[in-house]
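Enquirer: The structure that follows is given in the form of structure tokens.
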Amino acid sequence: MATRWGLCGAGKISHDFSVAMKTLPPGDHQIVAVAARSLERAREFAKKHSIPKAYGSYEELASDPEIDMVYLGVLHTEHWRLGLLVLQAGKNMLCEKPFAMNSREVGDLIAASKKSNVFLMEAIWSRCFPLHREVRRLLAEDAIGDIKLVKASFGSPQLHIPRSVEKELGGGALLDIGVYTLQFVLMVFNGERPESIHATGVLLNSGVDESMVVVMKFARNRLAFCFFSIAVSLPNDATISGTKGTIRVLGPMHCPTTLEVNGKTTQYPLPEPSLPLNFTNSTGLRYEAEEVRQCLLKGLKESPRMPLSESALLTEVMDECRKQVGVVFNQDSQ
Ligand SMILES: NC(=O)c1ccc[n+]([C@@H]2O[C@H](COP(=O)([O-])OP(=O)(O)OC[C@H]3O[C@@H](n4cnc5c(N)ncnc54)[C@H](OP(=O)(O)O)[C@@H]3O)[C@@H](O)[C@H]2O)c1
């Protein structure tokens, strides 16, 4: 039986997610409904993507008994409020990154999922890509020896996008794109907590971070170095350096198709989209949708690729980075 999805939000990422779903077998995945703040917008989106039901409120979507899994594709600042609505209605949920604005909010979402006994995952789609599965396999096999240093960058000029720069919309490089570099490091070190975190950043007038450099030290003298920016382009790649070799995930590291292991390159091509996309390589969203389906079929309440404990640690690391560079959101004082 197909996994029946409901989309919460009819914005840019929900569009790309819907296009990616079209690359999967319809017998496995169906989008049965979409909800937006306005019914007109939801209807327009539903028509474009051939979705049977459109709702003008998120509450209606959360109470639709036909839906197995809600995809939450709204602004970061809405993840906590709408995430709680969905989870408390007893629905499974895949929540866009960043999971929420801070550790308090993430803790509430995790607690609500446990209380309702439903599946919950932060949509760190990178981890579901076939290339990332290969990276994990290589690491598990000790293919490049002892890991000494991990480096990752992500830079994308997006100072013209309101949700990237405005504090009330959850702006800043860290929460939007830096999150991908930090989660990469945590993946390599298997969810270990860093021994130390040093973050330095440059802020915009709005008070959110334009660019940041983060250095982390892990036990046994292992280092990680992440840098990210919403002002400039960067290589957007990631390198894992070990005593016996090097693994390079070529840009875009958050949705990668090219892997280099000790100089040998392998391609992991993506399916072509049936409609123009808003973001790079978005047909790769198919892999997280399939990961969610497989978890549901196994009766899991979280994904082993992005466990809730790692989402909680990732958020703690981001809280610490924000504290060190001086980015404070209204949500931090609630
Ligand atoms: N996985 C990825 O590669 C990827 C890429 C881009 C974004 N994202 C994540 O997806 C989320 C949405 O990003 P997006 O680029 O899709 O954003 P977007 O199109 O600007 O907005 C998404 C939705 O958020 C709601 N929204 C917009 N402005 C709002 C406001 N002022 N107050 C309350 N709600 C508002 C709207 O919902 P309605 O439709 O209901 O009006 C809108 O459709 C973010 O958390 C982002 O980090 C992930």
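Bear in mind that the values in this text are calculations on the coordinates, not laboratory data. Quick caveat, the model's predicted, so the values are computed rather than measured. A quick note on method: Cβ atoms are made from the backbone with ideal geometry, for glycine too, and the neighbour counts reach across all protein chains shown.
Enquirer: List every residue whose amide H lies under 5 Å from the amide H of Leu149, counting only residues 5 or more places away in sequence or on a different chain, with H placed 1.01 Å from N in the peptide plane.
Expert: Under 5 Å from the amide H of Leu149 lie the amide H atoms of Leu223, Ser241, each far enough along the sequence or on another chain.
Enquirer: A further question follows. What ³J(HN,Hα) values, in whole Hz, does the Karplus curve 6.51 cos²θ - 1.76 cosθ + 1.60 give for the range 316-322 when θ = phi - 60°, with x put for Gly and Pro?
Expert: Karplus-based 3J(HN,Hα) across the range 316-322 equals 4, 4, 5, 4, 5, 4, 4 Hz.
Enquirer: Relative to the present Cα-Cα distance, how much length would full extension add between Ala140 and Phe279 at 0.36 nm per residue of separation?
Expert: Working: separation 139, 0.36 × 139 = 50.04 nm, distance 3.12 nm.
Result for the pair: 46.9 nm of gain on full extension.
Enquirer: Still on this structure, I have one more. Using the Kirkwood formula on the Cα atoms of the range 191-291, what hydrodynamic radius do you get, in angstrom to one decimal? The partial results should precede the final answer.
Expert: Working: mean 1/r = 0.0609 Å⁻¹.
So the Kirkwood estimate lands at 16.4 Å.
Enquirer: Per 0.36 nm of contour for each residue apart, how much would the distance between Glu44 and Ser206 grow if the chain were fully extended, relative to their Cα-Cα spacing?
Expert: Full extension from Glu44 to Ser206 adds 55.0 nm.
Enquirer: Let me ask something additional. Between Ile124, Ile51, Ile230, which gets the highest mean-square fluctuation from a Gaussian network model of the chain, Cα cutoff 10 Å?
Expert: Of Ile124, Ile51, Ile230, the Gaussian network model singles out Ile51 as fluctuating most.
Enquirer: Please work out the Cα center distance from the range 179-247 to the range 287-334, rounded to the nearest Å.
Expert: 16
Enquirer: Calculate one ³J(HN,Hα) per residue across the range 132-139 by plugging θ = phi - 60° into the Karplus curve 6.51 cos²θ - 1.76 cosθ + 1.60, and present them in order as whole Hz with x for glycine and proline.
Expert: Working through the residues one at a time gives 5, 4, 5, 4, 5, 5, 4, 5 Hz.
Enquirer: While we're here: Give me the Kirkwood hydrodynamic radius of the range 3-126 in Å, from all C-alpha pairs, to one decimal place?
Expert: After inverting the mean inverse Cα-Cα distance, the result is 14.2 Å.
Enquirer: How large is ³J(HN,Hα) for each residue in the range 163-180, as worked out from phi by the Karplus curve 6.51 cos²θ - 1.76 cosθ + 1.60 (θ = phi - 60°), to whole Hz, x for Gly and Pro?
Expert: My calculation for the range 163-180 gives 5, 7, 10, 8, 5, 5, 9, x, x, x, 5, 4, 5, 8, 10, x, 3, 5 Hz in order.
Enquirer: What distance in nm lies between label points placed 7 Å from Cα along the C-beta direction at Glu260 and Asp28?
Expert: Between Glu260 and Asp28, the label points sit 3.1 nm apart.
Enquirer: Would you report the distance distribution of C-alpha pairs in the chain as whole percents per 10 angstrom bin, up to the bin with the largest distance?
Expert: For the chain, the pair-distance distribution reads 6, 26, 35, 25, 7, 1.
Enquirer: For Glu272 and Glu192 in one chain, what is 0.36 nm times their gap in residues minus the Cα-Cα distance, to one decimal in nm? Don't skip to the end; give the middle numbers.
Expert: On the way: separation 80, 0.36 × 80 = 28.80 nm, distance 3.63 nm.
Extra length available between Glu272 and Glu192 comes to 25.2 nm.
Enquirer: Between Lys114 and Lys298, what FRET efficiency follows from the Cβ-Cβ distance if R0 is 22 Å, with the result rounded to 0.05?
Expert: Numbers: r = 18 Å, r/R0 = 0.81.
The value I calculate is 0.80.
Enquirer: Among Tyr287, Tyr268, rank each residue by its count of other Cβ atoms within 10 Å, from fewest to most, as a rough exposure measure. Walk me through the numbers before you get to the answer.
Expert: Details: Tyr287 23, Tyr268 15.
Fewest-to-most ranking of Tyr287, Tyr268: Tyr268, Tyr287.
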